[in-house]
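Single-structure report; data block below.
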Amino acid sequence: MFNLESWQEIFDTIRKNKLRTFLTSLSVASGIFILVILLGVSSGIANGVKEEFSSDATNRIQIRTRITTKEFKGLNPGRRLQLTNKDYENLNRKYEDQLEYKTSLYSTWGGQVNYKDKQGSYRVEGVYPDQQFIENATLSDGRFISLSDNEESRKVAILGYQMKQDLFPETDPIGKIILVNNNINFTVVGVYTDPGGTREESRMFIPIKTAQKVFNQGENINSIAYTVNMGKNFNETAQLSAQMTQSIEQDLRTRFTVAPDDRVAIRVRDTLEQAKPFFDLIDTLKAVFWFIGLGTIIAGIVGVGNIMLIVVKERTKEIGIRKALGALPSEIILMILQESIFITSLAGLIGLFLGVGLLELAAPYIENDFINNPTVDFTTSITTVIILVVAGAIAGFIPARRAANIKPIEALRDE
């Protein structure tokens, strides 16, 4: 381990090789600095991509049906395919083990909503309680729809924040009665915010059983939304989601007798499939950034190794005397490795602190659609420190082995 004599030898080495040590240390520090900055940028890009997908859950599957466009098995095109509660229940049973959250939806666009002298046209959606999590909606006041709301077909409503601002600009809406389509009273029980912004907050949620009754839809629904259970990693989850998407689509094609190549009639959208190219790109960027950073660090390691070779040559006689006095080869190796690790680690830590410091200063000012909060996490920092220690050991290993193999008699003859 490091002792007083070791520190003295290290400082002697640095003092005798000032220029070489400075240039080599600069190379190692810049390598770590570049690596930290690049990893911070890749982290910022990943955050930006996640933010783009944050308006809904990233593991979402959305199911809709429309009008057939192709003749199939004697059935003419132009058939309107209608999802019902039975379709929702059947899919729930079949894929129960794979589902995280689930809801069927009935939506109306342009619903007229009034409160006293305030009014507006908004989207009204009948949903189950899980819609809150599928939409990434956050309650800012009150509560969301409950199972009992649906079971009892209660006329309760959860307003988007923009609706609340439009209809209740200076009033707490909880408990207030709003009028939908001029003849249906609903009690406001909650207000939510949505990362999708104003558009997503310009709507209100009601129990789907209530929506089917007040809008005379019977068992009809517009769409179905699921999120799949998360796997061990992104790729596993994406694979599960893709398989489930294909299976659901095939189930519905069989159920409605739809041609295999009719892409309009049945739409099963997998958001993970849309997100996967972006996350794959992020992984590629990280790999490239690690390659560039490690390449710069390797250049610094070579420089440190060269310095230590010069040190060994300059201290040949000293090493010979140490061995003649009984120093073991392992002690000689440890002596050289200590100097190498110290120089590499000191330079690398300076680069690490500068890189992390710059990211911390710049992060609050870098926030757009492509990069958001570029930072380096604790695990990456620890990994970088380990790289520094290993790099120092590698840089000093060959010079240390050469020093350990010096014969005392030859060393004492060295001039």
- prompt: Are there any pairs, at least 6 apart or on different chains, whose C-beta atoms fall under 7 Å, with the first in region 40-63 and at pLDDT 65 or above and the second among the polar types (S, T, N, Q) and in a loop (DSSP other than H, G, I, E, B), and if so, which?
  reply: 40/375; 43/375; 44/373; 47/373
- request: Taking only region 207-238 into account, find how many residues are in contact with a Leu (Cβ under 9 Å, 6 or more places away or on another chain) and farther than 21 Å from residue 131 by Cβ.
  value: 3
- request: Please specify each residue of region 95-129 satisfying the condition of being surrounded by fewer than 22 Cβ atoms within 10 Å (Cβ to Cβ) and of a type in the set (D, E, K, R).
  value: 96, 97, 100, 102, 116, 117, 118, 123
message: Just to check your reading of the model, which residue among 203, 154, 199 is open to solvent by less than 20 Å² (accessible area, probe 1.4 Å) and of a type outside the set (A, V, I, L, M, F, W, C)?
response: 203
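The values are calculated or read from the model by the stated rules, or taken from the named source; none is laboratory data. Since this is a predicted model, take the numbers as computed values, not measurements. Neighbour counts are summed over all protein chains in view; Cβ atoms, including those assigned to glycine, are modelled from backbone coordinates with ideal geometry. For the accessible areas, the whole protein counts, side chains as well, though only heavy atoms, and no ligand, DNA or RNA atoms are used. Shrake-Rupley method; radii C 1.70, N 1.55, O 1.52, S 1.80 Å.
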